[in-house]
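Derivation of every value follows stated rules applied to the coordinates shown; laboratory data play no part. The shown structure was predicted, so the numbers you read here are calculated from the model rather than taken from an experiment. FYI the Cβ positions are ideal-geometry reconstructions off the backbone, even for glycines, and counts take in every protein chain you see.
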Amino acid sequence: MSVRPTLLVTGGAGFIGAAAAPELLRTYDVVALDNLHPQVHSTRDRPAALPEGVRLVTGDVTVASVWDHLLQDVAPDVVLHLAAETGTGQSLDEATRHASVNVVGTTQMLDAFGRAGAGPSRIVLTSSRAVYGEGAWIDADGSTTYPGQRGDTMLTEGEWDFPGLRPTAMDARSVAPLPVSVYGATKLAQEQLLGVWGRALGVEVAVLRLQNVYGPGQSLTNPYTGIMSLFCRMAMGGRSIPLFEDGRVRRDFVLIDDVVDAVVAAVTAQEVAAAPLDIGSGETQTIGAAADLIARRYGAPAPHVTGQFRHGDVRHAWAETAPATAALGWRPRFSLEEGVERLARWIDAQPGVTAA
């Protein structure tokens with residue numbers, strides 16, 4: 001009888017890990033390492049969304065002894081590294097926490113593989129579009145420029161865009177990563193650490209830079225992630241959705257189903273791309289358009305512009321997905337309209353869900 005390979009998923013009880021588990025279990029014995037942080041999990045109980053076939057180990061990726069104990073009886077063939085603190089705005093006030101989990105948690109994992117004398121043949125990292133910061137823009141002459149971070153003075157005066165420039169898609173082949181948030185900086189550090197370690201030891205490293213992931217199963221209690229679910233809960237309660245800046249911020253909202261397809265493809269592919277791959281919906285929307293769609297779904301009042309802003313938020317972000325299609329045979333399947341309807345139906349069915 002053949003022995004199934006083992007997949008270790010850090011942060012495996014979270015949104016993406018639980019959603020991807022059913023597909024991953026088709027090929028792997030799946031072990032999930034997760035600290036069940038209360039910001040994401042309302043209780044310390046095993047999440048109902050995590051399939052029974054997944055072995056859950058409760059522990060913190062930043063603690064060396066957790067890794068040593070785990071690797072005494074788990075020898076992962078592949079690692080899916082999802083564990084991370086993800087709040088862009090929160091990271092500015094809790095930089096140590098984000099650096100500890102995202103950076104030190106990654107180095108603790110790598111050191112533990114060294115102490116165990118064995119490591120995986122592949123690590124798949126879910127990174128973030130936040131590594132690009134404001135990304136690349138095009139000037140009047142058609143040249144690429146990097147305007148950098150929007151400062152306090154610019155934002156306070158309501159200068160949302162960079163005058164004379166137009167934004168471009170986020171594409172790892174041509175756009176340099178220049179984070180403008182602590183979170184983005186820690187995700188870029190994860191990419192670089194894994195790249196250096198993997199090249200030195202002959203371990204494949206696949207990096208997926210995710211755009212704004214949303215959909216059924218996302219935490220309804222985490223105030224720092226899930227703007228789409230927050231908008232749904234506001235509209236459910238008959239509230240007008242508030243829009244930061246001028247409501248014309250562009251985002252690439254990618255449904256969890258499409259992200260799961262990309263993650264599974266990266267874990268199971270015969271070969272993985274050396275360069276990071278950008279994962280998005282294949283379309284770009286303004287925040288205002290997404291909020292309008294949700295308001296109409298719930299019969300809520302039209303969204304309204306507040307002029308508020310948040311440091312670390314970028315003006316525009318969307319992915320060029322062609323390289324991911326070429327490398328993984330993956331392509332996004334769901335439009336924003338389809339995704340919003342799937343999310344709204346799921347939220348409506350949750351027991352005890354409250355309007356925001």
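Work out from phi, with θ = phi - 60° and the Karplus expression 6.51 cos²θ - 1.76 cosθ + 1.60, the ³J(HN,Hα) of each residue of the range 49-58, listed in order in whole Hz, and give x for Gly and Pro.
My calculation for the range 49-58 gives 6, 7, x, 4, x, 8, 7, 9, 10, 8 Hz in order.
How much length is gained if the chain between Phe244 and Val305 is pulled fully straight, taking 0.36 nm per residue apart and subtracting their Cα-Cα distance, in nm to one decimal?
So the extension gain works out to 21.3 nm.
Suppose we keep just the DSSP beta bridges with both residues in the chain; what percent of those would be antiparallel, to 5?
Taking every DSSP beta bridge with both residues in the chain, the antiparallel ones total about 15 percent.
Within a Cβ distance under 12 Å of Asp258, other residues only, what is the Lys/Arg minus Asp/Glu net charge?
The answer is -2.
What residues have an amide H closer than 5 Å to that of Asp278, excluding those fewer than 5 places away on the same chain, when H is modeled at 1.01 Å from N in the peptide plane?
Ala172, Arg209, Ala324
With each label point set 7 Å from Cα along the Cα-Cβ vector, what nm distance links Ser174 and Thr156?
Result for the modelled spin labels: 3.7 nm.
Could you bin all the Cα-Cα distances of the range 185-310 into 10 Å bins starting at 0 and give me the percent of pairs in each, rounded to whole numbers?
12, 33, 30, 17, 8, 1
Using each residue's phi in the range 59-71, evaluate 6.51 cos²θ - 1.76 cosθ + 1.60 at θ = phi - 60° and report the 3J(HN,Hα) Karplus result to the nearest Hz, with x for Gly and Pro.
x, 9, 5, 7, 9, 4, 5, 4, 5, 4, 5, 4, 6
Could you tell me the largest-minus-smallest coordinate of the C-alpha atoms of the range 5-150 on each of the three principal axes, in descending order and whole angstroms?
Principal-axis extents of the Cα atoms in the range 5-150, largest first: 58, 35, 30 Å.
What dipole magnitude, in Debye to the nearest 20, does the chain give about its Cα centre under +1 on Lys/Arg Cβ and -1 on Asp/Glu Cβ?
Using only the charged Cβ atoms, the result is roughly 460 debye.
How many percent of Cα pairs in the range 236-356 exceed 20 Å?
Result: 54 percent of Cα pairs exceed 20 Å.
Taking only Cα atoms, what is the 0 to 90° angle, nearest 10, from helix 15-24's long axis to the longest principal axis of the chain?
So the helix axis and the longest Cα principal axis differ by about 50 degrees.
Round to a whole angstrom and tell me the spacing of the C-alpha centers of the range 105-179 and the range 32-71.
29
For the range 156-218, how big is Rg over Rh, using alpha carbon atoms and the Kirkwood form of Rh?
With Rg and the Kirkwood Rh in hand, the quotient comes to 1.08.
To the nearest 10 degrees, how steep is helix 287-298 against the longest Cα principal axis of the chain, on a 0 to 90 scale?
Relative to the chain, helix 287-298 is tipped by roughly 90 degrees.
How far is helix 336-349 tilted off the main Cα axis of the chain, in degrees rounded to 10, range 0 to 90?
70
So what is the relative contact order of the chain, in percent, for Cα pairs below 8 Å that sit 6 or more residues apart?
After rounding, I find 18 percent.
Using only Cα atoms, figure out Rg for the range 88-166 and give it as a multiple of 2.2 N^0.38 Å.
This ratio for the range 88-166 stands at 1.65.
Quick one: which residues, 5 or more positions from Val124 or on another chain, have an amide H under 5 Å from its amide H? H modelled 1.01 Å from N in the peptide plane, none for Pro or chain starts.
Val79, Leu80, His81, Ala206
So what is the 222 nm mean residue ellipticity for the chain from helices alone, if each DSSP H run of at least 4 adds -39500 (n - 2.57) and you divide by all residues, rounding to the nearest 500 deg cm²/dmol?
It lands at -10000 deg cm²/dmol.
Let me test this: with uniform point scatterers at the alpha carbons of the chain, what is the Debye-based log₁₀ I(q)/I(0) at q = 0.11, 0.13 1/Å?
Calculated log10 I(q)/I(0) at the listed q: -0.74, -1.04.
Pull up all non-local amide H partners of Val254: gap of 5 or more, or a different chain, and H-to-H distance under 5 Å with H placed in the peptide plane.
So Val254 has HN proximity to Asn212, Val213, Tyr214.
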